[in-house]
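Everything below concerns the one structure shown next.
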Amino acid sequence: EIQNQTGELTDGFHLLMDALEMNGITNIYGLLGIPVTEVGRMWQARGNKFYSFRNEQNAGYAASVAGYLTKKPGVCLTVSAPGFLNGLTALANATTNCFPMILISGSSEREIVDLQQGDYEEMDQLNMARPHCKAAYRINRPEDIGVAVVRAVRAALSGRPGGVYLDIPARLFSQTMSAEEGKKSLWVPVDPAPAQIPAPEAVKRAVDLIKGAKKPLILLGKGAAYAQCDDDIKALVEETGIPFTPMSMAKGLVSDTHPQCGAAARSMVLQESDVVILIGARLNWLLSHGKGKTWGSPKQFVQIDIKADEIDSNVPIAAPLVGDVQSCVNALRAGLKGMAKPTEWMNAVAERAAGSRSKLASKLSTPTPIMNYHNSLGTIRDVLKNYPDIILVNEGANALDNARMVIDQYQPRKRVDTGTWGVMGVGMGSAVAAAAESGKPVVAICGDSAFGFSGMEFETITRYNLPVTVIIMNNGGIYRGDEANPEHQFSCMKFNPETRYDMFGKSLGGEGVRVETPEDLAKALEASIKSGKPTMIDAIIDPAAGVESGRIGNLNIVSTIGKK
Ligand code: OXK
Ligand code: ADP
Ligand code: MG
């Protein structure tokens, strides 16, 4: 102890923070309590940022979005058992979405856990975490903290990015070792996300297929957005003249207003194309597994992905390009140089897209007695046009589908949504991370149901005075707010119609505005963005405006024999 005061010893707390700092981590998202409280205090005392949440799940979502936006692992810190489990939901979501994230949780000592002797918040966390992330490690000795953090960073970032769990039994935090030895135990990994170059014969196969196509299509996914090689992707699109369409979080990677954008002709391009070039997008449920009527005529796929066993996961892939997006895209560009542009096809796509856009435009400006999704989102779109670098967070069912369709994105990585799982509750965590990591204003458009999953984090937003505007699309229920009540009960699909999200926002120290017309909505949004103050806009939407599960109602199973 005497040595400690003279600075010759270090301990688990300090080594962990030294290792994180050395690896470029400046923000931790978390929720403090036994046994990690001191980490938060000391992290702040060192001049770093600790974003302290009200529920670990939201802190975890924030960390994962920080990872997606920055290409560095986002770090989440939680207490043991229940706190860990809340964080684990977000870690699993991060892994599912291919976002790099590290969940660090305090835990109990092995001798008690392993004999199941009933410790405070006892749980075998490491084994719980393992199936839900890319890697899970426990640190048992202070001299191993350095290697554990390096392995966590490398596992999160390399290949297909994902979640990593670090288990730290309470006692480790205060265990000491020589400061000099401790310092030597830390390092930074060299090239943690190495380029993966596609094989020349794989490139040739893809190039030949694309050159022979009559109606090629480029399909951009959030893996392409994550890769941060925006100019290379735009160049591939423009040099080849091939129409592109983005998955939701890839919107803006090449602007939605680009003349080659086929987003507004989605059904047509999926159905009529003959060769589809998937770039960082999986043929999962969001793409109808690459088959069925969504895809119309037979296709041949080129698939760019860093994970070799993603290829052929659903349908045969004619030309796999396994490697990192940037290397693969540039290899394609070299091979496709001077190729004949599919002008006729491109024009047909552009014509369809223009038709859809003008059809939609008239709906967006049609007034209704109570606001609906179209005219409310139309007005939001018009305001956001002037702020192309705002990050838009979007969750809900109808609030999600309609906003994705109506609101154009102009720049890469400016849209964060419910992702691969279509999960509700990501809104506030995502908004905190988006504001914290970008330093720019953030607008979150949330269904009233979706918002409920993480609503208390609006207090987190006001506490850190983040420039976040939350717009609640308030139709009073899940899908819609006008479902009839069964006898003696309030409908399981509705919320209390007296709910005042504007007053809720005010009560937590933010601004709060209730709006009932597109004009007032536009005014409130503009004022909020300009002020930079945390603002809650309670936008009253027609309770009859929603449809069951939005555009994915086909996934909602109903009884074939009727209600009994
Ligand atoms: C697109 N479109 C447009 C525009 N953009 N028209 C005019 N102008 C513009 N700018 C057209 C497009 O061509 C399509 O019409 C239609 O709008 C819808 O487009 P899009 O891109 O949204 O496509 P689609 O088919 O609805 O969606 C594909 C999808 C998407 C599966 C990738 O639905 C998606 O990301 N879904 C996520 C759903 C989710 O996670 N929900 C949360 C669960 S809710 P056509 O005529 O060309 O087709 C929940 O929890 O339970 O219900 C629950
Ligand atoms: P979306 O939901 O937008 O379709 P997905 O999350 O389904 O996107 O797909 C993203 C894909 O991108 C994953 O299969 C992942 O392996 C891949 N990926 C992520 N980063 C890279 C990268 N740097 N290079 C190549 N592929 C990547
Ligand atoms: Mg609703």
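Bear in mind these aren't lab numbers, they're just calculated from the coordinates by the rules spelled out. Keep in mind that what you see is a predicted model, and the values were worked out from it rather than measured. Counting neighbours? That spans all protein chains shown, and the Cβs are built from the backbone with ideal geometry, glycine included.
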Practice task
Examine segment 84-98 for a residue that is in contact with a Pro (Cβ under 8 Å, 6 or more places away or on another chain) and without any contact (Cβ under 8 Å) to a residue 60 or more places away in the chain, and state whether such a residue exists.
Solution key: no
Completion exercise
When every residue in segment 413-428 that is over 10 Å from the mean Cα position of the chain (by Cα) and crowded, with 24+ Cβ neighbours inside 10 Å is compared, the one nearest to ligand 1 (Cβ to nearest atom) is Gly425
Exercise for the section: Identify all residues within segment 387-421 that are more than 16 Å from ligand 2 (Cβ to nearest atom), among the polar types (S, T, N, Q) and closer than 19 Å to Leu364 by Cβ; write none if there are none. Expected result: Asn398, Asn402
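In segment 529-547, which residue that is of a type outside the set (A, V, I, L, M) and over 17 Å from Glu395 (Cβ atoms) is surrounded by the fewest Cβ atoms within 10 Å (Cβ to Cβ)?
Within segment 529-547, the subset of a type outside the set (A, V, I, L, M) is 530-535, 538, 542-543, 546.
In the following step, the residues that additionally are over 17 Å from Glu395 (Cβ atoms) were identified as 530-535, 542-543.
Values: Lys530: 11, Ser531: 13, Gly532: 15, Lys533: 17, Pro534: 28, Thr535: 27, Asp542: 18, Pro543: 17.
By that ranking, first place goes to Lys530.
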Exercise for the section: Write out, first by first residue and then by second, each pair whose Cβ atoms fall under 7 Å of each other, whose residues are 6+ apart or on separate chains, and whose first residue, in segment 472-486, is more than 22 Å from Leu392 (Cβ to Cβ) and without any contact (Cβ under 8 Å) to a residue 60 or more places away in the chain while the second is of a type outside the set (Ser, Thr, Tyr) and within 14 Å of ligand 1 (Cβ to nearest atom). Expected result: Glu483/Gly477; Glu483/Met493
Exercise for the section: Would you please name the residue that is surrounded by the most Cβ atoms within 10 Å (Cβ to Cβ), looking only at residues in segment 204-225 that are touching a Ser or Thr at 6+ places or on another chain (Cβ under 7 Å) and not in a loop (DSSP other than H, G, I, E, B)? Expected result: Pro216
Problem - Failed condition for Gly439, given (1) closer than 20 Å to Met101 by Cβ; (2) away from ligand 1 (no atom under 16 Å from the Cβ); (3) surrounded by fewer than 22 Cβ atoms within 10 Å (Cβ to Cβ); (4) of a type in the set (Gly, Ala, Ser) - result: (1)
Completion exercise
Within segment 395-439, the residues that are out of contact with any Phe, Trp or Tyr (no Cβ under 9 Å at 6 or more places or on another chain) and of a type in the set (Lys, Arg) are Arg404, Lys414, Arg415
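Suppose the filter is away from ligand 3 (no atom under 15 Å from the Cβ), free of Cβ contacts under 8 Å to residues at least 40 places away in the same chain and of a type in the set (S, T, N, Q); does Asn386 pass it? Write out each step before concluding.
Values: away from ligand 3 (no atom under 15 Å from the Cβ): yes; free of Cβ contacts under 8 Å to residues at least 40 places away in the same chain: yes; of a type in the set (S, T, N, Q): yes.
When the stated conditions are applied, Asn386 passes them.
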Handout entry: segment 512-554: number of residues that are in contact with a Gly (Cβ under 9 Å, 6 or more places away or on another chain) and within 16 Å of ligand 2 (Cβ to nearest atom)
Key = 1
Fill in the blank from the handout: Scanning segment 90-128 for residues that are farther than 19 Å from Arg160 by Cα and of a type in the set (Val, Ile, Thr), the one surrounded by the most Cβ atoms within 10 Å (Cβ to Cβ) turns out to be Ile104
Practice task
Residue by residue through segment 357-409, note down the ones that are small (Gly, Ala, Ser), within 15 Å of ligand 1 (Cβ to nearest atom), buried (at least 22 other Cβ atoms within 10 Å of the Cβ) and part of a helix (DSSP H, G or I).
Solution key: Gly378, Ala399, Ala403
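So, in segment 156-173, exactly how many residues are over 24 Å from Leu321 (Cβ atoms) and either assigned to a loop (DSSP other than H, G, I, E, B) or in contact with a Pro (Cβ under 9 Å, 6 or more places away or on another chain) (or both)? So that I can check it myself, show each step before the final result.
Our first condition is that a residue be over 24 Å from Leu321 (Cβ atoms); within segment 156-173, this holds for 163-173.
If we keep only those that are either assigned to a loop (DSSP other than H, G, I, E, B) or in contact with a Pro (Cβ under 9 Å, 6 or more places away or on another chain) (or both) too, we end up with 163-164, 168-173.
Total meeting the criteria: 8.
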Exercise for the section: Can you tell me which residue among Glu201, Glu180, Glu238 is closer than 30 Å to Pro142 by Cα, part of a helix (DSSP H, G or I), out of contact with any helix residue (DSSP H, G or I) (no Cβ under 9 Å at 6 or more places or on another chain) and away from ligand 2 (no atom under 16 Å from the Cβ)? Expected result: Glu180
